[in-house]
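K.L.:
This is the structure I have questions about; it appears just below.
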Amino acid sequence: MRGKALTVEDRDDILRGICENLSNREIAIRLGRNRSVISREITRNGGRDSYRVHAAQERYETLKSRPKERKLEQNKRLHDAVAEKLRDDFSPEQISGRLKEDYPDDLGMRVSTETIYQALFLQARGELRTQLKLALRTGRAQRVPRGSTRPKQARIAGMVNISERPAEAADRAVPGHWEGDLIIGADQASAIATLIERTSRYGLLVKVASKNADHVAQRLAKHLSTLPTHLARSLTWDQGSELAAHQRFSVATGIPVHFCDPRSPWQRPSNENFNRDVRWFVGHGDLSVYSQKQLDTFAMKINGRPREILDWQTAAERFAELVAATA
């Protein structure tokens, strides 16, 4: 295949092919090009009946020499909307998807993820550039798999394996099934409990003073016991001893607990993704410094981000719909 840009000789061959009544595919084969390249070239230059070599070449050279418009700098309304969502900690992908949801009939308020990223490196100045940098969350430290750092846990008394979890929890069609975990701070000295509802991807952060099993069970029960019955069907946890008092938790809430297989974080996929987002806010240091009010704010920000998997709704919006529904 040749380079991307068509030359004047290529355009002459295209016109010759048109005169010979060759199809776009046959012209493309003759030129060693993709058929779509030939089709676009003919269409944008008046079609088969009006195609002219020098007119097409002149149009190409004019467009090539013209500086490309910088969309986020030319459209202040779009610029301000992007900047506002960046301040709310949306990623470029989330911004692009959410703008389609917020402005379904306004094509001027559309911007691709790639355009936002290009703005960071090539175009943006001042506040937008700063906010774009803050939005690039992929540079944060990755969560270290628990299996590589923590000792093996003794089997938890009365543990019910994930294989016995209701089938309805697996396909996410029925709401009310939760996943949970502890994220651990520096030197294993502090922790935060994380919970996420599988259908809506709505997450909660729970401040815990220690990893003591009775304490963790009490804190989780306090946050989940007020849920409507149809949103409190089960909880899936890993085999950490912090939930060894799971039976006490179940008595207090009516929510059965199912435990994952050892070293199988993929069995709690939504929770693992949620934990990565939480780490961007709390880091890996002393987690005890955060109050419950601060953790609620972090959770609100995460739940307020549009998600592609939710058709660019936010988890908060989807969860509110579930709360309003009857059991």
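The values are calculated or read from the model by the stated rules, or taken from the named source; none is laboratory data. Bear in mind that the values here come from a model prediction, so they are computed numbers and not experimental data. For neighbour counting, all protein chains shown are included, and Cβ atoms are generated from backbone atoms with ideal geometry for every residue, glycine included.
K.L.:
Somewhere in region 38-46, is a residue surrounded by 13 or more Cβ atoms within 10 Å (Cβ to Cβ), among the acidic types (Asp, Glu), closer than 17 Å to ARG110 by Cα and within 40 Å of the chain's Cα centre (by Cα)?
P.N.:
no
K.L.:
Tell me, which residue of region 302-322 that is buried (at least 17 other Cβ atoms within 10 Å of the Cβ) and of a type in the set (Val, Ile, Thr) is farthest from ASP171 (Cα to Cα)?
P.N.:
ILE302
K.L.:
Sticking with this one: ARG98: modelled with pLDDT of 85 or more, buried (at least 18 other Cβ atoms within 10 Å of the Cβ), under 30 Å from ASP311 (Cα atoms) and touching a Phe, Trp or Tyr at 6+ places or on another chain (Cβ under 9 Å), yes or no?
P.N.:
So ARG98 fits the description; yes.
K.L.:
As an exercise: evaluate ASP286 against (1) surrounded by 15 or more Cβ atoms within 10 Å (Cβ to Cβ); (2) touching a Ser or Thr at 6+ places or on another chain (Cβ under 7 Å) and give the number of the one condition it does not meet.
P.N.:
Failed condition: (1).
K.L.:
Among the candidates GLU61, GLU73, GLU84, single out the residue that is within 22 Å of the chain's Cα centre (by Cα), assigned to a helix (DSSP H, G or I) and surrounded by fewer than 19 Cβ atoms within 10 Å (Cβ to Cβ).
P.N.:
Answer to the check: GLU84.
K.L.:
I need every pair where a residue in region 77-104 that is in contact (Cβ under 8 Å) with a residue 24 or more places away in the chain and more than 13 Å from ILE116 (Cβ to Cβ) has its Cβ under 8 Å from the Cβ of a residue that is exposed (fewer than 15 other Cβ atoms within 10 Å of the Cβ) and aliphatic (A, V, I, L, M), sequence separation at least 6 or different chains.
P.N.:
ASP89/LEU134
K.L.:
Turning to a different aspect of this structure: Please go through region 250-283 and pick out each residue that is in a helix (DSSP H, G or I), surrounded by 15 or more Cβ atoms within 10 Å (Cβ to Cβ) and aliphatic (A, V, I, L, M).
P.N.:
Of everything in region 250-283, those that are in a helix (DSSP H, G or I), surrounded by 15 or more Cβ atoms within 10 Å (Cβ to Cβ) and aliphatic (A, V, I, L, M) turn out to be ALA252, VAL278, VAL282.
K.L.:
So in region 1-30, with the set limited to residues that are modelled with pLDDT under 90 and more than 13 Å from VAL53 (Cα to Cα), which one is nearest to the chain's Cα centre (by Cα)?
P.N.:
Looking at the filtered set, the residue picked out is LYS4.
K.L.:
Which number in (1) closer than 18 Å to LEU195 by Cβ; (2) modelled with pLDDT under 95 marks the one condition that ALA315 misses?
P.N.:
Every condition holds for ALA315 apart from (2).
K.L.:
In addition: If you take the residues of region 145-178 that are at pLDDT below 50 and surrounded by 13 or more Cβ atoms within 10 Å (Cβ to Cβ), which of them is farthest from LEU227 (Cα to Cα)?
P.N.:
Checked region 145-178; the qualifying residue farthest from LEU227 (Cα to Cα) is ARG150.
K.L.:
Sticking with this structure for a sec: Answer with yes or no whether SER50 is under 14 Å from ALA5 (Cα atoms) and among the hydroxyl-bearing types (Ser, Thr, Tyr).
P.N.:
no
K.L.:
What are the residue pairs meeting all of these: first residue in region 246-260, first residue farther than 18 Å from ASN212 by Cβ and at pLDDT 90 or above, second residue surrounded by 17 or more Cβ atoms within 10 Å (Cβ to Cβ) and among the hydroxyl-bearing types (Ser, Thr, Tyr), Cβ atoms under 6 Å, and 6 or more apart or on different chains?
P.N.:
Close Cβ pairs satisfying both conditions: PRO256/SER234; PRO256/SER250; HIS258/THR236.
K.L.:
I would also like to ask the following. Report, by residue number, each residue of region 1-11 that is surrounded by 14 or more Cβ atoms within 10 Å (Cβ to Cβ) and either more than 21 Å from GLU61 (Cβ to Cβ) or charged (D, E, K, R) (or both).
P.N.:
Those that are surrounded by 14 or more Cβ atoms within 10 Å (Cβ to Cβ) and either more than 21 Å from GLU61 (Cβ to Cβ) or charged (D, E, K, R) (or both): ASP10, ARG11.
K.L.:
Let me ask something additional. Could you please find all residues in region 27-36 being in contact with a helix residue (DSSP H, G or I) (Cβ under 8 Å, 6 or more places away or on another chain) and within 15 Å of ASP12 (Cα to Cα)?
P.N.:
Selection gives ILE27, ALA28, ARG30, LEU31, ARG33.
K.L.:
Please indicate, with yes or no, whether at least one residue in region 289-301 is within 22 Å of the chain's Cα centre (by Cα) and surrounded by 22 or more Cβ atoms within 10 Å (Cβ to Cβ).
P.N.:
Within region 289-301, one or more residues are within 22 Å of the chain's Cα centre (by Cα) and surrounded by 22 or more Cβ atoms within 10 Å (Cβ to Cβ).
K.L.:
Please return the ranges of strands (runs of 3 or more DSSP E) entirely within region 184-249 where 1 or more residues are surrounded by fewer than 21 Cβ atoms within 10 Å (Cβ to Cβ) and touching a Leu at 6+ places or on another chain (Cβ under 7 Å).
P.N.:
Counting at least 1 such residues, we get 203-208.
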